[in-house]
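Trainee: The structure is given below, and queries will be raised subsequently.
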Amino acid sequence: MADPGALLADQRRRFILERVRRDGAVRVTELVEHLVVSHVAIRRGLDVLARRGILEKDHGGVVALTGAAGYESAFESESAREPAEKKSIAQAAAGRVGADDVVRSACRFEFI
């Protein structure tokens, strides 16, 4: 990492997630040293990730919700649930769309 202190908040959160995914946990002090930012900045980022249900805050750091080996992102976890129902919905929706139709999504995407 060229200049860790120059990372934006989203980039810091992505870095934190990668560390948690890789190691299963990471301490605030390690993040402060590596990212060259204040404890407050790190804790704010951890709060955001914990509120989103992506990781769990622990005394002095954060841990993956199910441990490093069993970690799944919220998308991976949700996309694997109820596959038959999702397939049925997709087939019903596909039957309502013509070859020249355009489908627009009303979804908003949030980046962490």
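Every number here is computed from the coordinates shown, using simple stated rules; none is lab data. Everything numeric in this text was worked out from a predicted model, so none of it was measured. Glycine gets a Cβ as well: all are built from the backbone with ideal geometry, and neighbour counts include every protein chain shown.
Trainee: Quick one: which residues, 5 or more positions from D58 or on another chain, have an amide H under 5 Å from its amide H? H modelled 1.01 Å from N in the peptide plane, none for Pro or chain starts.
Mentor: Close amide H contacts, sequence-distant or interchain: V63.
Trainee: So for the pair D58, E82, with labels modelled 7 Å out along Cα→Cβ, what separation do we get in nm?
Mentor: Result for the modelled spin labels: 3.2 nm.
Trainee: May I ask you to evaluate 6.51 cos²θ - 1.76 cosθ + 1.60, the Karplus curve with θ = phi - 60°, for each residue of segment 49-65 and list the ³J(HN,Hα) values in order in whole Hz, giving x for glycine and proline?
Mentor: Values, residue by residue: 5, 5, 4, 7, x, 8, 8, 10, 6, 10, 4, x, x, 9, 10, 5, 4 Hz.
Trainee: Per residue of segment 89-101, what does 6.51 cos²θ - 1.76 cosθ + 1.60 with θ = phi - 60° give for ³J(HN,Hα)? Whole Hz please, x for Gly and Pro, Karplus curve as stated.
Mentor: My calculation for segment 89-101 gives 5, 4, 5, 5, 5, 4, x, 9, 10, x, 4, 9, 6 Hz in order.
Trainee: Net charge around I42, counting only other residues with Cβ within less than 12 Å of its Cβ (Lys, Arg = +1; Asp, Glu = -1)?
Mentor: +4
Trainee: Using a simple spin-label model with points 7 Å from Cα along the Cα→Cβ vector, what separation in nm is obtained for V36 and V102?
Mentor: Here the answer is 4.6 nm between the modelled labels.
Trainee: So which trypsin sites (Lys or Arg not before Pro) in segment 1-65 pass both tests, a DSSP loop state and at most 12 other Cβ atoms within 10 Å of the Cβ?
Mentor: Qualifying residues, ordered by number: R52.
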